[in-house]
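The values are calculated or read from the model by the stated rules, or taken from the named source; none is laboratory data. Since the model is a prediction, treat every value here as computed from it, not as a measurement. Positions of Cβ are generated from backbone atoms using ideal geometry, with glycine treated the same way; all protein chains shown enter the neighbour counts.
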Amino acid sequence: MTASHLLEKAYIESQEEVAPVWERIDALVMANQERVLDSFIAERVALHHMSGSTGYGYGDAGRDTLDRLYARVFGAERGLVRTHWASGTHALKTALFALLRPGDDVLCVTGPSYDTLQPVTGKDGLGDFGITYRETDCLLKYEEGHIGMDAVEADLFEKLRSNTKVIYIQRSRGYTARKSISMASLREFMRLVKSKCRGLWTLVDNCYCEFAGPLEPPMLGVSLTVGSLIKNPGGGLAPTGAYAVGEAEPVARVAESLYAPGLGAEAGSCQWGYRDLYQGLFFAPKVVGECLKGITFAASFLGRLGFEVDPGPFDERSDIVQAITLGSPEKLKRFAQAIQASSPVDSFAVPEPWDMPGYDRQIIMAAGTFVQGSSIELSCDGPFTEPYTAYLQGGLTKEHVMLAVRRAALRVLTT
């Protein structure tokens with residue numbers, strides 16, 4: 001059987017295989033869409049909220065309503081949504097410096113943090129201010145079924161110090177082979193923290209995870225949840241920015257850290273308005289559903305062709321990231337280049353590994369997106385190191401993901 005015939009057979013069989021999974025995703029989209037719709041109605045969103053403001057931005061009704069809308073959608077006391085954040089990493093840095101003071105300690109319970117956050121938590125970041133950052137993987141081991149909650153508790157209490165102020169949780173996998181943190185695991189962990197660790201703040205990096213399930217971290221009692229608008233909650237329309245939602249005090253601290261003490265959330269203008277942020281949030285449940293359908297198909301299709309995929313097509317998903325281990329630099333490069341060639345923007349560009357800002361290793365990145373770096377749109381990237389794994393993420397429509405993955409597989413298998 002030729003490669004093209006093999007691909008056609010796998011393409012048809014995979015669509016049949018994932019049909020029941022797609023039905024479950026449709027039910028998830030409906031539940032999340034209803035919550036978002038009811039939140040818009042409850043906050044009385046009006047056309048004038050789409051307009052922007054200038055200068056200090058005092059009395060900006062569109063901004064303030066958007067803050068309340070995000071809080072309601074995520075089940076939080078308070079929200080802060082701003083285009084002044086350049087990225088999710090920028091927002092996380094603001095949150096860490098808002099919650100911590102010299103002499104404080106922060107403990108990450110999900111192992112090594114994402115590459116771009118390491119300079120923030122290292123000696124040139126928190127370390128310069130006398131703040132210690134430490135890591136353990138107890139919640140990750142629980143997620144993977146290696147240990148029980150009793151072992152999580154033992155590890156946590158062994159690691160906690162008298163000056164520990166923040167427990168940090170990164171839900172998505174980053175450039176690692178680990179699982180993303182599910183809401184089921186986070187629920188059990190928060191029960192432990194709230195009963196045994198009162199007085200500590202919990203900070204969740206929610207990037208890539210919004211609307212991948214029916215619940216969000218603030219609904220489980222997480223103190224502060226942070227994410228990027230050019231990922232899931234922006235729905236493919238938000239041009240930049242990030243959000244912070246959670247309890248009133250930590251969100252207020254983040255606002256003062258972003259702007260200035262005494263100004264808080266009362267400042268910050270956006271002259272071009274908020275239409276893309278409102279409409280993007282409204283679209284987000286459906287767009288995330290399309291992402292999940294696309295990468296579920298990719299897992300089935302590429303798995304049938306002999307690629308190592310994680311998660312598998314029937315595995316529970318907590319984010320919009322699909323790992324495909326290709327095993328060689330040549331295959332990784334061909335796969336990424338084929339995804340770029342299947343993009344609506346800059347399809348003619350040819351990705352090569354490069355020293356991307358924020359990383360200590362070369363990264364290859366295919367991202368022919370309407371918004372630069374938008375991970376809710378279809379992109380493919382990964383470190384140019386062994387085992388040469390591509391991280392496929394996003395997709396505004398499942399059809400785009402299916403077409404791009406099919407072409408990428410053909411290029412890898414026939415070149």
Hey, could you check segment 219-242 for residues that are closer than 15 Å to W85 by Cα and more than 12 Å from the chain's Cα centre (by Cα) and say which is surrounded by the most Cβ atoms within 10 Å (Cβ to Cβ)? A238
Those residues that are touching a Lys or Arg at 6+ places or on another chain (Cβ under 9 Å), closer than 20 Å to A408 by Cβ and of a type in the set (V, I, T), I need them from segment 1-28; list them, please. V18
When D38 is run through (1) touching a helix residue (DSSP H, G or I) at 6+ places or on another chain (Cβ under 9 Å); (2) in the same structural domain as G262 (by TED's automatic domain parsing), the failure sits at (2)
Within segment 224-275, tally of residues that are within 20 Å of G75 (Cβ to Cβ) and free of Cβ contacts under 8 Å to residues at least 40 places away in the same chain: 1
Which count do you get for residues in segment 285-319 that are within 20 Å of I181 (Cβ to Cβ) and of a type in the set (G, A, S)? 3
If the requirement is being under 24 Å from E16 (Cβ atoms) and among the small types (G, A, S), which of these qualifies: S300, S379? S300
For segment 158-173, indicate whether the set of residues that are in contact with a helix residue (DSSP H, G or I) (Cβ under 8 Å, 6 or more places away or on another chain), outside any helix (DSSP H, G or I), among the small types (G, A, S) and buried (at least 17 other Cβ atoms within 10 Å of the Cβ) is non-empty. no
What are the residues in segment 58-100 that are surrounded by 18 or more Cβ atoms within 10 Å (Cβ to Cβ), among the small types (G, A, S) and out of contact with any helix residue (DSSP H, G or I) (no Cβ under 6 Å at 6 or more places or on another chain), if any? A71, S87, G88, A91
Right, A61: more than 30 Å from K159 (Cα to Cα), of a type outside the set (D, E, K, R) and touching a His at 6+ places or on another chain (Cβ under 8 Å) or not? yes
Per the list (1) among the basic types (K, R); (2) touching a strand residue (DSSP E or B) at 6+ places or on another chain (Cβ under 9 Å); (3) modelled with pLDDT of 95 or more, residue check on R361 breaks on (3)
Could we say that G289 is in the same structural domain as V405 (by TED's automatic domain parsing) and either of a type in the set (D, E, K, R) or surrounded by 19 or more Cβ atoms within 10 Å (Cβ to Cβ) (or both) here? yes
